[in-house]
Amino acid sequence: MMTLKLFQAMGLFIIVAGAVTLVILLYLRFLTNRAFKVMLKMVDANRDCNYDIALFLPRAGDMMKTVEIEDVFYDIAYGESSISKENSSHKRTITREISRPDYSIRLGVVTISPRGYQKYIYMIVFETLFVLIEMDILMKIKVANEALVNFSKLQTFLLHDVKNVTQFIKGLLYNLGRIKGAEREHKFIDYLRESAPALSVRTDKILGTLEIGTERKTDESDMQEIDVTKMIREIFELYGIKGEATGSGTVFAEKHMLVTVFDNIIKNIHEKSRSEPGLECFAFVREEGEALTVLIYDTGSHINEIERMFEPFYTTKQSGLGIGLFQSRHIIKKFGGNMTVANTDRGVEFTVTLMKGVKPAVIEDGPND
């Protein structure tokens, strides 16, 4: 009889214990699901705030209240930026600090419940918030460092061309002072005629680079009728390109902008020819109604990841900046045209489509009345 009662008591205990355990597990599952929902909301909010920590933290603090985290306090510094919020309570807190050469994070949360199982939920949400903050900082540092490197490359890129123009001007002034007699004057003028196309390409390229991304209103005085075939031939000659430019067509536009476009294309082909000595380049210009199409292709090897050719700061060259072709397509689209590149059977082919533009009619003064 005693044994039966003992087994009944044990059975009842097991049933009650199992029921209590089930209730606790269900409650923990509810809390965990709620925590995961908050975590997902924080990830979405971080993206919506464009990974700006100062905007994200207040929103994250409001979300965390649903899992019984009363407040968030922090002291964060990276680069020249810093944000902080003091702990306004002396209740239970969870804190964590990390210090690196480029940044430091001190993060804390004020919790409500003292229960042990609740602390597990707190830690899941807290660690998620900490990881998101550190990720945002590292991303900003990486972007800032890349921007500095690219700016340095752009500065070097411009200084190279500015240096060439400056050296030409200094040489010009030196030779000007040495001119004596009609024969030397004729030689000097011939030298200027020979140097003018190359100098024009350099100065136009500098102007085009400086104006990238600007929305400066075009002055009609900057516009001129351009023989595109002739311009391409001059750039071929500047880089010593093997090949020829054929066809004909003119556009009415800012010359230095178009020089920038075709100089970037042909310069890429020229640099490619250094590792492929037999490479040649051909250009064909044709007018099609109100548009003008320019095909430029080389006879060299195909380009890997050619779909990334117009991506800013993407380059296959060790010393490349990765902005030239991006800049070129930006200019062409500003002119209402388009620019594409593809690997073809005859080589890498660029296609540039331009609107020809309308040259203003010259109104001649009539006879006086």
Subject >> Hits in segment 273-300 - residues which are in contact with a Leu (Cβ under 9 Å, 6 or more places away or on another chain) and touching a residue at least 40 places away in the same chain (Cβ under 8 Å) >> reply: 283, 285, 291, 292, 293, 294, 298, 299, 300
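Quick grid of which residues meet (1) buried (at least 19 other Cβ atoms within 10 Å of the Cβ); (2) of a type outside the set (Gly, Ala, Ser); (3) assigned by TED's automatic domain parsing to the domain that holds residue 296:
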{"site": "235", "(1), (2), (3)": "yes, yes, yes"}
{"site": "242", "(1), (2), (3)": "no, yes, yes"}
{"site": "247", "(1), (2), (3)": "no, no, yes"}
{"site": "254", "(1), (2), (3)": "yes, yes, yes"}
{"site": "257", "(1), (2), (3)": "yes, yes, yes"}
{"site": "262", "(1), (2), (3)": "yes, yes, yes"}
{"site": "265", "(1), (2), (3)": "yes, yes, yes"}
Original post:
Which residue pairs have Cβ atoms under 6 Å apart, sit 6 or more places apart or on different chains, and have a first residue in segment 68-87 that is within 18 Å of residue 135 (Cβ to Cβ) and in contact (Cβ under 8 Å) with a residue 60 or more places away in the chain and a second that is part of a strand (DSSP E or B) and aromatic (Phe, Trp, Tyr)?
Top reply: 78/103
Subject >> Checking residue 241 against (1) in contact (Cβ under 8 Å) with a residue 60 or more places away in the chain; (2) part of a loop (DSSP other than H, G, I, E, B), the condition it does not meet >> reply: (1)
**OP:** Kindly indicate which of 323, 296, 331 is touching a Phe, Trp or Tyr at 6+ places or on another chain (Cβ under 6 Å) and either at pLDDT 80 or above or buried (at least 18 other Cβ atoms within 10 Å of the Cβ) (or both).
**Re:** 296
Original post:
Which one of the conditions (1) at pLDDT 90 or above; (2) touching a helix residue (DSSP H, G or I) at 6+ places or on another chain (Cβ under 9 Å) does residue 229 fail to meet, given that it meets all the rest?
Top reply: (2)
Original post:
Among the strands (runs of 3 or more DSSP E) confined wholly to segment 43-124, which include 1 or more residues that are in the same structural domain as residue 139 (by TED's automatic domain parsing), of a type in the set (Phe, Trp, Tyr) and within 23 Å of residue 139 (Cα to Cα)?
Top reply: 69-78, 103-111
Original post:
Could you list, in sequence order, the residues of segment 235-272 that are of a type in the set (Ser, Thr, Tyr) and over 19 Å from residue 290 (Cβ atoms)?
Top reply: 239, 246, 260
Subject >> Flag for residue 349 being of a type in the set (D, E, K, R), out of contact with any Gly (no Cβ under 6 Å at 6 or more places or on another chain) and at pLDDT 90 or above >> reply: yes
**OP:** Scan segment 267-293 for residues that are surrounded by fewer than 19 Cβ atoms within 10 Å (Cβ to Cβ) and closer than 19 Å to residue 357 by Cα and jot them down.
**Re:** 286, 287, 288, 289, 290, 291, 293
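The values are calculated or read from the model by the stated rules, or taken from the named source; none is laboratory data. Bear in mind that the values here come from a model prediction, so they are computed numbers and not experimental data. Quick reminder, even Gly has a Cβ in these numbers, built from the backbone with ideal geometry, and neighbours come from all protein chains shown.
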